[in-house]
Amino acid sequence: MDKTLHIVGGGMAGSEAAWQAANMGVDVVIHEMRPKVGTFAHQTGNLAEMVCSNSFRSDDDEQNAVGLLHWEMRAANGLIMGAADRHRLPAGGALAVDRDPFSEHVTEVLRAHPRIRVEEGEVSALPDDGHWIFATGPLTSTALGQAIQAETGAERLAFFDAIAPIVYAESIDMDVVWAQSRYDKGETEAEQKAYLNCPMTKDQYEAFIDALLAAEKTEFHEGETAGYFDGCLPIEVMAERGRETLRHGPMKPVGLTNAHKPDEKPYAVVQLRRDNALGTLFNIVGFQTKMKYGAQTEVFRMIPGLENASFARLGGIHRNTFLNSPTLLDDRMRLRSRPHVRFAGQVTGVEGYVESAAMGLVAGRFAAAEILGQPLAPVPQDTAMGALIHHITGGAEAKTFQPMNVNFGLFRPLEDVRGGRRGRKDRYKGYTDRAKEAWQGWLAGQDTAALA
Ligand SMILES: Cc1cc2nc3c(=O)[nH]c(=O)nc-3n(C[C@H](O)[C@H](O)[C@H](O)COP(=O)(O)OP(=O)(O)OC[C@H]3O[C@@H](n4cnc5c(N)ncnc54)[C@H](O)[C@@H]3O)c2cc1C
């Protein structure tokens with residue numbers, strides 16, 4: 001069989017995957033549709049174009065999960081991190097990047113690599129054989145999206161996300177909130193207590209609606225709404241349709257009894273549902289929103305029980321093509337139904353430049369190792385990379401799967417560390433120390449295999 005690795009999409013993930021695989025000794029062809037076929041967000045024909053903000057977020061590798069991901073990519077000689085460091089702009093503790101020189105640098109390095117060829121043109125079908133990585137991003141071309149849906153079933157490839165905010169379990173006030181499913185539905189006790197409920201009085205509900213209506217909102221980008229339908233309205237739009245709409249929708253108080261105050265009937269209830277198998281994250285059910293991030297934290301902390309909530313991620317609605325990865329991909333990012341096809345980047349259900357490049361890095365290494373006949377061990381779950389892969393390929397709830405950025409809520413809890421806000425600094429340092437050791441171990445295992 002031909003040992004060339006074909007990578008479709010030369011964005012953050014495809015560029016990193018090509019670099020990693022080529023450096024392991026595999027010939028790579030990058031198939032990039034731009035500039036022949038454009039998207040509403042990309043402006044150039046460069047590889048690794050940053051389509052919006054120029055930030056790689058926090059660069060703190062001891063106290064921040066995205067900073068840890070930077071560290072792991074640097075330790076693996078990542079091209080995207082190397083280019084970002086080279087074209088860094090002053091931004092305090094964040095890593096901001098001079099976008100045009102950054103993507104020009106990535107393009108030049110990849111085009112100059114003796115093992116890499118860039119072919120312009122759209123790929124619109126899933127291949128029957130060969131070695132492939134699809135890294136076509138949130139704006140995967142329409143024809144390819146249709147081909148993927150034909151393989152996976154239409155309901156397993158989404159074209160818009162609808163992200164409800166996600167709260168760290170430890171920051172929820174359990175003296176106010178109680179666990180109960182509506183009408184105690186479910187066979188097991190776990191099912192009957194699957195939701196956490198935040199009760200509101202009439203005054204609290206009215207104040208909450210006022211705050212929702214007054215909050216600053218973000219707009220869709222031009223061209224972003226093509227194909228958008230009304231199936232998943234932002235909560236503030238529901239509130240605009242009538243002050244009682246939410247009380248008859250996601251905030252309806254029926255079928256629930258406040259365990260702390262059984263005689264008091266709540267006027268409205270906000271429900272939270274477990275978001276991962278570890279039970280460290282909860283999403284606010286039905287609360288997808290286009291409120292600006294600053295406004296979201298203010299408004300959501302008005303909810304009784306969430307006054308001190310820490311958010312693993314805030315809500316949003318975007319044009320975003322992504323797979324139901326928990327059901328479709330294995331832990332080496334292979335499509336279960338066609339294992340010679342891998343996916344990487346944002347289309348796998350991670351979110352952001354850094355997370356997308358990270359998934360490209362591991363997909364490139366997995367694919368190259370397989371071609372070279374030296375298959376790799378799965379990425380350790382205690383690394384930032386491994387926590388993300390584990391989440392998207394199995395740890396997340398498949399039924400409600402939405403894109404995720406890296407955060408410490410995805411990490412296995414540490415033993416012997418203090419919980420709550422007070423223990424946070426030590427806990428995060430514990431996570432990052434543990435991750436670095438595990439990541440170095442995984443990389444060292446490959447060096448040994450390559451030398452054998
Ligand atoms: C409007 C918008 C704003 C965003 N803002 C931000 C932000 O501020 N910060 C952030 O971190 N993330 C942002 N994102 C998400 C960001 O796009 C991703 O995090 C990141 O670019 C994903 O990397 P990727 O490699 O998966 O996809 P991309 O970087 O998009 O790369 C995919 C590549 O595949 C190509 N392609 C698509 N279909 C085909 C095909 N059939 N054949 C060949 N080539 C194809 C595309 O041209 C593209 O070059 C935004 C996304 C959008 C749509």
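Values quoted throughout were computed directly from the atomic coordinates according to the rules given, and no laboratory measurement underlies them. Given the structure is predicted, the values throughout are model-derived calculations rather than measurements. With ideal geometry, Cβ positions are generated from the backbone for all residues, glycine too; neighbour counts draw on all protein chains shown.
Values as computed for the structure displayed
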| read-out | value |
| --- | --- |
| The chain - mean residue ellipticity at 222 nm from DSSP helices (-39,500 (n - 2.57) per run, n ≥ 4, rounded to 500) | -10000 deg cm²/dmol |
| Taking the stretch 166-313 and dividing mean pair separation by its residue count, relative contact order in percent (alpha carbons under 8 Å, at least six apart) | 41 |
| Principal-axis tilt of helix 142-152 within the chain, Cα atoms, nearest 10 degrees | 70 |
| Rg and Dmax of the stretch 91-170, Cα atoms only, in Å | 18.3, 51 |
| Degrees, to the nearest 10: 65-75 long Cα axis against longest axis of the chain | 10 |
| Charge tally in the Cβ shell below 9 Å around residue 41, where Lys, Arg are +1 and Asp, Glu are -1, residue 41 excluded | -1 |
| Average Cα contact separation per residue, the chain, under 8 Å, 6 or more apart, as relative contact order % | 22 |
| Distance from the stretch 181-197 to the stretch 335-396 (C-alpha centre basis), Å | 34 |
| Cβ-Cβ FRET estimate between residue 154 and residue 113, R0 fixed at 45 Å, reported to 0.05 | 0.75 |
| Residues of type aspartates and glutamates that residue 3 reaches as a straight line, Cα spacing below 15 Å, ignoring anything fewer than 8 places off in the same chain | 27, 128, 129, 370 |
| Under 13 Å from residue 202, Cα to Cα: aspartates and glutamates that are on another chain or at least 8 residues apart | 210, 244, 264 |
| Trypsin sites (Lys or Arg not before Pro) restricted to DSSP loop in the stretch 264-327 with at most 16 other C-beta within 10 Å | 292, 301 |
| Too-long pairs where the Cα-Cα distance tops 30 Å, listed order kept, from 217/399; 217/429; 193/217; 193/265 | 217/429; 193/217 |
| log10 of Debye I(q)/I(0), alpha-carbon scatterers only, for the chain at 0.09, 0.13 Å⁻¹ | -0.60, -1.20 |
| Distance in nm between pseudo-label sites at residue 170 and residue 191 (7 Å out along the Cβ direction from Cα) | 3.2 |
| Residue 416-residue 2 FRET efficiency (beta carbon distance; Förster radius 60 Å; 0.05 resolution) | 0.70 |
| Computed lengthening from residue 263 to residue 86, 0.36 nm per intervening residue step minus Cα-Cα distance | 57.4 nm |
| Low-density loop positions, GluC sites (Glu not before Pro), the stretch 1-63 - DSSP coil, at most 14 other Cβ in 10 Å | 62 |
| Residue 228 versus residue 182: modelled label distance in nm, points set 7 Å from Cα along the beta carbon direction | 2.6 |
| Contour excess over end-to-end distance, with Cα ends at residue 254 and residue 207 and 0.36 nm allotted per residue | 14.9 nm |
| Space enclosed by the convex hull of the alpha-carbon atoms of the stretch 166-313, per residue, Å³ | 129 |
| Residue-span extension gain [residue 220 to residue 41] - 0.36 nm each, minus C-alpha spacing | 63.3 nm |
| Loop chymotrypsin sites (Phe, Trp or Tyr not before Pro), the stretch 219-306 (other Cβ atoms within 10 Å of the site Cβ: 16 or fewer; DSSP) | 220, 228, 229, 267 |
| Within-9-Å neighbourhood charge of residue 404 [Cβ basis; K, R +1; D, E -1] | -2 |
